[in-house]
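Quick notes on the structure that follows.
Since every read-out is calculated from the coordinates, none of them should be taken as a lab result. Small disclaimer: the values here were computed from a predicted structure and weren't measured. Every residue, glycine as well, gets a Cβ built from its backbone with ideal geometry; the counts of neighbours run over all protein chains shown.
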Amino acid sequence: MKPPFNYRKLAYAALDVTDLDASVRFYRDLVGLDLVQQDETAAFLRCSRDHHNLVLYRGAVPGLRRAAYEMAGAADLEAAFEFHAARGLAPRWLDEAACRALNQGRTFRVREPASGLTFELFDRMTQLALPYRHTVTKIARLGHIVVGTPDYDAARARLMDDFNFAVSDFVEGRFSWMRCYPNPLHHTFAMGLSERRHLHHVNFMVTDVDDIGEAMNRMKKAGVEIVFGPGRHLPSTSIFLYFLDPDGMTIEFSFGMEEIPAGNGRLPRMLEMHPNTMDIWGSSPAPRFGKGGAIGDGDD
Ligand SMILES: [Fe+2]
């Protein structure tokens, strides 16, 4: 049975960081997100009218705490909860106070067991009155989150069968790029076979190719390690730049992405495992590319 619910979009990533102030400075001043609010334990940043598109939590181990998706509507959220419960995933609602603290409507969390990643699904987020200021980068949106897991096949099946993710392209047995149906963006989530569970990278899409070039020079001047690119991905045709945050977690800027409309989409392509699949311009990633960051336990 196809999961009976639809998504609107990838809404935010929650990261554990070891030095909250240093990470706020990095994501605000170098990545170009607006800081919305910060206290002792967490900071909320945005690149849209949404109250947050990135939440940083003070944590002992850097990593991805959870991935949060906004559903197409309230009925989709309810249907997703029922479906996940029936599939034995033990989803759990957040209480009202927790939803209010997140500036979100009804919200539940559910752990995908094969990757260990906690997903958060919710209906609506507070839209802020003032626009995103795009101070140093014209970020278009939080683009996608990528993780690695040894249980790749099981996680892939769960995400398709239980989470209603659609595979856009894949490398057989190794890697899948997935969209959150019916959102047309080529991927908002991707997953690869790995020796351990870990965050691979978090992506922000930018509005102009100049944002990529300017970011490269800004990062170099600030002493930020660039670990891959600039280059162009074969699967999504996007131009990319990857760099490391203060904890060594990999962040990506990318420009351009194929869109696959619901109901009129192409079939997923089975791509060759080849360096040029990752960069048709032929550059190679540095050793720390996609290595930093654990998979956290999901809760605040
Ligand atoms: Fe990416």
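Observations
- Cleavage-rule hits, trypsin sites (Lys or Arg not before Pro), the stretch 232-280, DSSP coil, Cβ neighbours within 10 Å at most 13: Arg266
- Of all DSSP beta bridges confined to the stretch 139-293, the antiparallel ones make up roughly 70%.
- Farthest towards the positive end of the charge dipole of the chain, among the residues Leu199, His134, Phe83, is the Cα of His134, using unit charges on the Cβ of Lys, Arg, Asp and Glu.
- Net dipole in debye of the chain [+1 Lys, Arg Cβ; -1 Asp, Glu Cβ; about Cα centre; nearest 20]: 280 debye
- Whole-Hz ³J(HN,Hα) from phi, Karplus 6.51 cos²θ - 1.76 cosθ + 1.60, for the stretch 187-202, glycine and proline x: 8, 10, 8, 8, 8, x, 6, 8, 6, 8, 7, 7, 6, 9, 6, 10
- Under the combined filter of DSSP loop state and at most 15 neighbouring Cβ atoms within 10 Å, the stretch 187-240 retains these GluC sites (Glu not before Pro): Glu195, Glu225.
- In this structure, the amide hydrogen of Leu185, modeled 1.01 Å from its nitrogen in the peptide plane, lies closer than 5 angstrom to those of Ile260, counting only residues at least 5 positions away or on a different chain.
- Put a dot 7 Å past the Cα of Arg196, heading toward its Cβ, do the same for Lys221, and the two dots end up 3.6 nm apart.
- Based on Cα contacts under 8 Å between residues 6+ apart, the stretch 35-123 shows a relative contact order of 25 percent.
- Here's how it looks for Asp16: its modeled amide H is under 5 Å from those of Tyr57, Gly63, Leu64, Arg65, which are all 5 or more places away or on a different chain.
- Phi angles of the stretch 256-266 translate, via the Karplus equation with coefficients 6.51, -1.76, 1.60 and θ = phi - 60°, into HN-Hα couplings of x, 7, 4, 10, 10, x, 5, x, 9, x, 7 Hz per residue; Gly and Pro are given as x.
- Whole-Hz Karplus values for the stretch 276-283 come out as 6, 5, 7, 8, 6, 7, x, 7 Hz, taken residue by residue from phi with 6.51 cos²θ - 1.76 cosθ + 1.60 and θ = phi - 60°; glycine and proline positions read x.
- Helix-only arithmetic for the chain: the sum of -39500 (n - 2.57) across DSSP H runs with n ≥ 4, divided by the residue total, places the mean residue ellipticity at 222 nm at -5000 deg cm²/dmol.
- Each DSSP beta bridge with both residues in the chain is either parallel or antiparallel, and the antiparallel ones are about 70%.
- Relative contact order (%) - the stretch 144-235, alpha-carbon pairs under 8 angstrom, separation at least six: 31 percent
- For Gly143, distant residues with modelled amide H under 5 Å away: Asn203, Phe204, Met205
- Centroid-to-centroid separation of the stretch 172-193 and the stretch 63-93 [C-alpha atoms, Å]: 18 Å
- Candidates Trp281, Val227, Pro261 compared by Cα position along the dipole of the stretch 194-300: farthest toward the positive end lies Trp281, with charges placed on Cβ.
- Lysine pair count for the chain [Cα-Cα under 27 Å; pairs on different chains or 8 or more apart]: 7
- Rounded Å value of the spacing that divides the Cα centres of the stretch 213-259 and the stretch 116-148: 17 Å
- DSSP bridge orientation in the stretch 7-122 - percent antiparallel, rounded to nearest 5: 70 percent
- The chain, relative contact order in percent, only Cα pairs under 8 angstrom and at least six apart counted: 20 percent
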